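Structure first, then comments.
Please treat every number below as a calculation from the coordinates, not as lab data. Quick caveat, the model's predicted, so the values are computed rather than measured. All Cβ positions, even for glycine, are placed from backbone atoms using ideal geometry, and neighbour counts span all protein chains on display.
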Amino acid sequence: MKNCIETADAHFIRTYNRFPIVLDHGEGVYLYDDKGKKYLDFAAGIAVFALGYGNKEYNDALKNQIDKLLHTSNLFYNEPSADAALKICEASGMDRVFFTNSGTEAVEGALKLARRYFYNKKGTNDGEIIAMNKSFHGRSTGSLAVTGQPKYQEAFRPLMGGIKFADFNDIDSVRSLINDNTCAIIFETIQGEGGIYSADESFIKEIRKICDEKDILLILDEIQCGMGRSGYMFAYQAYGIKPDIITCAKALGCGVPVGCFAAAGKAAEAMVPGDHGSTYGGNPFVCTAVSKVFEIFEKEDIVGHVKEVGDYLFEKLEELKNESDSIVSHRGKGLMQGLEFNRPVGDIIKAAQKEGLIIISAGANIIRFVPPLVIERSHVDEMTAILKKCMN
Ligand SMILES: *Cc1c(COP(=O)(O)O)cnc(C)c1O
């Protein structure tokens with residue numbers, strides 16, 4: 001192979017604008033490129049690598065499982081997937097789990113489950129799902145149908161039907177769409193790609209109440225904000241409410257491709273054998289990772305650590321905001337925060353890369369901070385020092 005970038009650009013279908021950096025390996029919260037240049041990582045592979053790079057306990061568990069058994073299909077049982085499902089249910093308050101290979105598949109499954117629940121109840125196929133403007137739920141055609149960003153949808157219509165869009169945190173806009181055919185309401189507890197917007201407490205509690213009254217399923221997409229990132233294991237736990245269905249992925253396996261949808265109560269019993277499937281879904285390899293992730297989270301009190309270092313990050317970003325005229329807003333919780341600028345942030349992101357810092361955007365004007373959950377205060381200081389330099 002001549003050159004990695006040339007070869008990739010010549011052979012990948014062109015769906016991404018990539019940065020001209022070839023990443024080679026990682027260590028802790030740092031990444032290294034093929035020339036040995038070191039980067040402080042405040043993106044974590046888009047909110048995936050919660051434990052950082054090279055966690056020995058995690059790596060050893062995966063290496064052992066590779067030698068033992070990688071894959072079985074779902075026609076048989078295996079220990080790692082049973083254990084991973086138990087741990088997800090214990091941590092989330094859900095009753096049953098279905099494992100997928102990605103976030104978008106988790107959302108697809110959640111939508112199918114909601115449709116199945118409605119069909120069981122009414123015997124008709126005219127159930128409607130309410131989703132939010134500016135949301136992001138994935139790129140396959142079902143999850144894209146509930147993604148409230150027309151620019152991602154336009155060329156790929158017709159998408160799944162029966163979807164209506166309300167405004168996030170606007171309870172009246174949701175109410176005005178509800179009718180006897182409403183089968184589910186789906187949103188991200190904290191919107192990620194859309195720009196780091198948290199659900200208001202009054203909004204999420206009111207939605208829960210409406211869903212209870214009308215037997216509508218509340219689906220919370222915790223793919224980005226879940227797994228400790230908000231300072232709670234799952235972001236909805238901050239509000240004292242419980243959804244009927246959750247979706248999870250990204251940090252669930254901390255680097256191996258795994259996601260899930262999980263359901264509680266009656267929703268957990270709605271599907272029957274034959275309704276859904278996945279050849280790889282929840283194989284022993286990825287579920288060893290999931291189990292290990294939960295084990296390490298508990299042992300090292302990762303969630304408590306996120307609360308503490310997240311508060312520190314909040315303080316530091318507030319300081320930056322107060323010092324700079326170009327920052328118009330600062331939002332977020334735990335280690336999922338955003339700074340909104342009065343201009344596109346592409347140049348800041350590129351300048352930061354030159355200075356050895358990886359940050360990403362969420363929309364044109366917003367820098368999104370989703371570092372590994374194991375960062376320390378000193379890494380926050382290192383990040384803000386570089387960012388300051390790159391903002392001017
Ligand atoms: C990333 C993301 C998805 C899609 O996950 P993939 O693994 O990329 O398919 C869905 N919902 C939310 C909230 C996400 O952040």
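Within the chain, which is the longest segment containing none of the chymotrypsin sites (Phe, Trp or Tyr not before Pro) that sit in a DSSP loop and have at most 10 other Cβ atoms within 10 Å? Intermediate results must be reported in sequence, preceding the final value.
On the way: sites that count: 12, 16, 76, 77.
In short, 78-392.
Taking the alpha-carbon distance from residue 242 and a cut-off under 18 Å, which lysines remain once sequence neighbours fewer than 8 residues away in the same chain are dropped?
Of all the lysines, those that pass the test against residue 242 - Cα under 18 Å, at least 8 places apart if same chain - are 87, 205, 209, 214, 266.
Over the Cα atoms of region 124-209, compute the convex hull volume and normalise it per residue, giving Å³. Don't skip to the end; give the middle numbers.
Values: hull volume 7.7 nm³, N = 86.
In region 124-209, the Cα hull volume divided by residue count equals 89 Å³.
Taking 2.2 N^0.38 Å as the expected size of a compact globular protein, what ratio does the Cα radius of gyration of region 278-392 give against it, to two decimals?
Dividing the Cα Rg of region 278-392 by 2.2 N^0.38 Å gives 1.25.
Aspartates and glutamates within cross-link reach of residue 35: Cα-Cα under 15 Å, excluding same-chain residues under 8 positions apart?
24, 355
Per DSSP helix of 4 or more residues, -39500 (n - 2.57); summed, then divided by the residues of the chain. What does that give at 222 nm, rounded to the nearest 500?
Counting only the DSSP helices, I get -11500 deg cm²/dmol.
Using only the Cα atoms of region 25-134, build the gyration tensor, take square roots of its eigenvalues as a ≥ b ≥ c, and label the shape rounded, prolate or oblate: rounded if a/c is under 1.5, else prolate if a/b is larger than b/c, else oblate.
Oblate shape, in that a/c is at least 1.5 and b/c is the bigger or equal ratio.
Could you tell me the center-to-center distance, by alpha carbons, between region 342-358 and region 30-101 in angstrom?
30 Å
Express in whole angstrom the spacing between the alpha-carbon centres of region 129-171 and region 188-205.
When both Cα centres are located, 16 Å separates them.
Which percent of the Cα-Cα distances in region 69-299 go past 21 Å?
52 percent
Hand me the GluC sites (Glu not before Pro) from region 289-328 located in a DSSP loop with no more than 15 other Cβ atoms within 10 Å, in residue order please.
Values: sites: 295, 298, 300, 308, 315, 318, 319, 323; in loops: 300.
Filter output for region 289-328: 300.
To the nearest 20 debye, what charge dipole does the chain have about its Cα centre, counting +1 at the Cβ of each Lys and Arg and -1 at the Cβ of each Asp and Glu?
It comes to approximately 780 debye.
Report the far tail of the P(r) of region 278-327, meaning the percent of Cα-Cα pairs longer than 17 Å. The partial results should precede the final answer.
Details: 742 of 1225 pairs.
In whole percent, the share of Cα-Cα pairs in region 278-327 beyond 17 Å is 61.
Expressed in nm to one decimal, what extension gain is obtained for the pair residue 32 and residue 295 from 0.36 nm per residue of sequence separation less their Cα-Cα distance?
Computed gain between residue 32 and residue 295 is 91.9 nm.
Please report the antiparallel percentage of DSSP beta bridges with both residues in the chain, rounded to the nearest 5.
Just about 60 percent of them are antiparallel.
For residue 166, enumerate residues with amide H under 5 Å from its amide H, sequence gap 5+ or separate chain, H modeled in the peptide plane.
Under 5 Å from the amide H of residue 166: 131, 132, 133.
Loop sites only, by DSSP: take the trypsin sites (Lys or Arg not before Pro) in the chain that have at most 15 other C-beta atoms within 10 Å and name the longest stretch containing none of them.
Values: sites that count: 2, 14, 18, 35, 37, 139.
In the chain, the maximal stretch lacking such sites is 140-392.
Counting only residues 5 or more places away or on other chains, whose amide H sits under 5 Å from the amide H of residue 281 once H atoms are built in the peptide plane?
Under 5 Å from the amide H of residue 281 lies no amide H from a residue far enough along the sequence or on another chain.
Using a Cα-Cα cut-off of under 15 Å, which aspartates and glutamates could be cross-linked to residue 151, ignoring same-chain neighbours fewer than 8 residues away?
Leaving aside aspartates and glutamates fewer than 8 places away in the same chain, those within reach of residue 151 are 193.
So if I average 1/r over every pair of distinct C-alpha atoms in the chain and take the inverse, what Kirkwood radius in Å does that give?
So the Kirkwood estimate lands at 21.7 Å.
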